[in-house]
Amino acid sequence: MILAAVAALLVQAAPGNAAGATTATYNVWHWNIAGNTLHAGSVTDGMVDGAVASIRNRSADLVSFNEICFGQYRAIQERLTAAGWPQDPTTFSRFAATRDADPGICDGGETFGLALFSKQPLGNSNQYVLPWDGKKGSRKMLCAPLRDTPRVRFCTVHITTSNTLTDGVPDNVRQLDAVRGILDSFDAAGDTYLIAGDFNAQPNYGRMNGYYAPSADTPNNPDNTGSHRELDDDDSAHCPGYGEHTVEAAGSPGPPCGVYRKIDQIFVRESRIAGPYSADSLAIGASCAGGTPCSDHRILTGTARVAIG
């Protein structure tokens, strides 16, 4: 098996207003695969097979990819169809290009971006263009409802690393604020959502305070004012309030626990949590392209029971 799991802990959710509502449990799987930077668009170097094996081994219901080339998206689509996912691939997968076809990326002219997959058929997706960071392409948030449970939405996002000021506000903050505003509109409409992605921010950063609920406060992640719990924020074995690292490269500033940082998250609105939730960060497989790491990010998985309607 290419990808090995590390510790998981099942925790009890903070009570929201979910009592009495219909509930469902979802297994979420997220990976920033560095599909261009590390794989140059390849579908045969072990990454695609490793991803599909992990999705199946983890019994994922909802799957999110960042930095995926379109050819890799199609290859994963084909393999999941062969594994018994909905037989019409147009019903269970969605792609959003964040870079147009360019001879310098992926496999010499493919688009590049975000992808969603779901074991249940999806409805029509929406692509929300985020404030521009001055770089090539455009950052987006990709969301789709479950076709047969349209009050449940699944989203993915990849926030910029840029902190260049635009009208006095850093680009990454502008994008985070835009995403949070969209999520608030979903909640105001009565929808339940789960969002996974590379937020390019550690949980204890000030710019994430508007995401994490005050009930998530710990010495490792204080001063929160938001409405969400992150599925790894209550893991007593791995930096409570912060969670387990998702990249295996030291950076500055370092995390409050250990050496490596957590910049990938899976969020659920606190008021929609209807039972236990948990998360797990999986060690990076090292069997791609002749024994090289398959990404510079770990896979992040999580399970949550949520209220619907």
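Some points to look at:
- By the helix-only formula, in which each DSSP H run with n ≥ 4 contributes -39500 (n - 2.57) and the sum is divided by residues, the chain has a 222 nm mean residue ellipticity of -4500 deg cm²/dmol.
- Split the accessible area of the stretch 66-139 by element, probe 1.4 Å, and carbon with sulfur accounts for 49%.
- Taking the chain and dividing mean pair separation by its residue count, relative contact order in percent (alpha carbons under 8 Å, at least six apart): 24
- Given [x] 0.93; [y] 1.08; [z] 1.13, the label whose value is Cα Rg over 2.2 N^0.38 Å derived from this model: [x]
- Near the amide H of Asp102, within less than 5 Å, lie the amide hydrogens of Gly109, Glu110, all on another chain or at least 5 residues away, with H placed in the peptide plane.
- Accessible area (Å², per residue) of the stretch 29-101, counting only protein heavy atoms and a probe of 1.4 Å: 35
- Highest-MSF residue in the chain out of Cys143, Cys288, Cys69 [GNM, Cα springs under 10 Å]: Cys288
- Note on Arg298: accessible area approximately 20 square angstrom, rounded to 10, probe 1.4 Å, nucleic acids and ligands left out.
- Listed residues Ala82, Ala115, Ala279, most fluctuating in the chain (Gaussian network, C-alpha, under 10 Å): Ala82
- Note that the stretch 164-227 presents 36 Å² accessible area per residue, ligands and nucleic acids not counted, probe 1.4 Å.
- Cβ-defined net charge surrounding Ser271, 13 Å radius [Lys, Arg +1; Asp, Glu -1]: -1
The values are calculated or read from the model by the stated rules, or taken from the named source; none is laboratory data. Please read all numbers here as calculations on a predicted model, not as lab measurements. Ideal geometry is used to build each Cβ from the backbone, glycine not excepted, and the neighbour counts take in all protein chains shown. Heavy atoms of the whole protein, side chains included, go into the accessibility calculation; ligands, DNA and RNA do not. Shrake-Rupley method; radii C 1.70, N 1.55, O 1.52, S 1.80 Å.
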